[in-house]
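The values are calculated or read from the model by the stated rules, or taken from the named source; none is laboratory data. These figures come from a predicted structure and were not determined experimentally. Positions of Cβ are generated from backbone atoms using ideal geometry, with glycine treated the same way; all protein chains shown enter the neighbour counts. Each accessible area value is taken on the protein alone, full model and side chains, heavy atoms only, with ligands, DNA and RNA left out. Shrake-Rupley method; radii C 1.70, N 1.55, O 1.52, S 1.80 Å.
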Amino acid sequence: MDEAIRAEVVEVTGHGGDRIQAYFAAPLESGSRPGMVVIHHMPGLDRQTKETVRRFAAQGYFAISPNLYWREAPGADPDDAAAAARARGGVPDERLVGDVAGAADFLRGRPSASGKVGVIGYCSGGRQAVLAACHLPLQAAVDCYGAFVVGEPPEGFPIAIRNLKDQLPDLVCPLLGLFGEEDQHPSPAETKELDALLSSHGKEHEFTTYPGAGHAFFAVDRPSYRPEAAVDGWGRIFAFLGRTLEG
Amino acid sequence: MCTYLTKHLEMDGSGKGAAGWIRVTAASVYFDHPAHAPADHTLNVDLLNPDLGPTARVALELEPRSARQLAEAILELLSADPAAPAA
């Protein structure tokens, strides 16, 4: 594999039939390819999210990140789009599921797609990755420190989300969870609770909690970056996807 | 962590952003990840005019200490000036 890729902006059909923009990257080398949907974090479809999309493509995946804020802010800078989405109360769960479905369909529609698609999300996207995997025909899900998969959002929460406890019985695929021991959202107690809940539902999952790491330890452009946790985490992600998407 | 916690306010004033001066009609105030400041969390203020679109925004990302100093300075000045209405 020579890691040569092509990256571009595309349109996909998201929730409610809306056409939304997405960032898509694909290996140039021919061959059957699984797909990965990358769910961006609260700050939007930013440079680091695009870097993550390209990383998956360089590893041999069709990869895509739908712009979840396209409706509020078509063509705007990611930070302006994030501010506009926040001002309007964030992304409703139903819309998120529809947009991920559209992105996954786009990947399955590539001429040499294998048909297997996984989802990964960071921060708010971690919860949304689990949410998507409870509603869509996906083959793998990766939750990187997503808050409120379990646990209760605080009172007066401006974004209309709730935890996913009642949806976990519907989880359709194996889940990889990567968390920081010093994180408070999700806290180690919450990820332990999630671990126990998934076990009680008989859902295949693999969790790692890194000591010395807090929230957003994968974020190379933030002070929260923890190289040891991030390097090990990337290794676990590709090992997990190798088992679930490439088998 | 993502706190998500956000205060939404109606505003009446003006601000200067990327596109020059705009009328400011709304604000979001939240303690969460910054887009630019070199910190895990900052006190963020978006001064907005939603009618003009998402780029009509004046944005601040302040270290908590700076945010408190700013807030206290604003309240102190408003309290000291008899021309400023109390509310």
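Put simply, of B:14, B:28 the only residue that is in a strand (DSSP E or B), within 12 Å of chain A (Cβ to nearest Cβ), of a type in the set (Gly, Ala, Ser) and surrounded by 12 or more Cβ atoms within 10 Å (Cβ to Cβ) is B:28. Select from the stretch A:29-48 the residues that are surrounded by fewer than 18 Cβ atoms within 10 Å (Cβ to Cβ) and touching a strand residue (DSSP E or B) at 6+ places or on another chain (Cβ under 6 Å) and list them in ascending order. Selection gives A:32 alone. Of the residues contained in the stretch A:49-56, one or more are found to be more than 14 Å from chain B (Cβ to nearest Cβ), among the aliphatic types (A, V, I, L, M) and crowded, with 20+ Cβ neighbours inside 10 Å.
Is it the case that the stretch A:141-158 has a residue that's among the aliphatic types (A, V, I, L, M) and in a helix (DSSP H, G or I)?
No, the stretch A:141-158 contains no residue that is among the aliphatic types (A, V, I, L, M) and in a helix (DSSP H, G or I).
Screening the stretch A:145-163 for residues that are more than 12 Å from chain B (Cβ to nearest Cβ) and at pLDDT 85 or above and picking the one that is most open to solvent (accessible area, probe 1.4 Å) gives A:162. All conditions but one from (1) hydrophobic (A, V, I, L, M, F, W, C); (2) touching a strand residue (DSSP E or B) at 6+ places or on another chain (Cβ under 8 Å); (3) within 14 Å of chain B (Cβ to nearest Cβ) apply to residue A:104; the one that does not is (3). Looking across the stretch B:32-86 at every residue that is among the hydroxyl-bearing types (Ser, Thr, Tyr) and assigned to a helix (DSSP H, G or I), the one that is least open to solvent (accessible area, probe 1.4 Å) is identified as B:66. Among the residues examined, residue A:119 qualifies as out of contact with any Lys or Arg (no Cβ under 9 Å at 6 or more places or on another chain), within 17 Å of residue A:44 (Cα to Cα) and outside any helix (DSSP H, G or I). Among the residues of the stretch A:207-236 satisfying the criterion of being under 21 Å from residue A:164 (Cβ atoms) and surrounded by 15 or more Cβ atoms within 10 Å (Cβ to Cβ), which is nearest to the other protein chains (Cβ to nearest Cβ)? Of everything passing the filter in the stretch A:207-236, A:215 is nearest to the other protein chains (Cβ to nearest Cβ).
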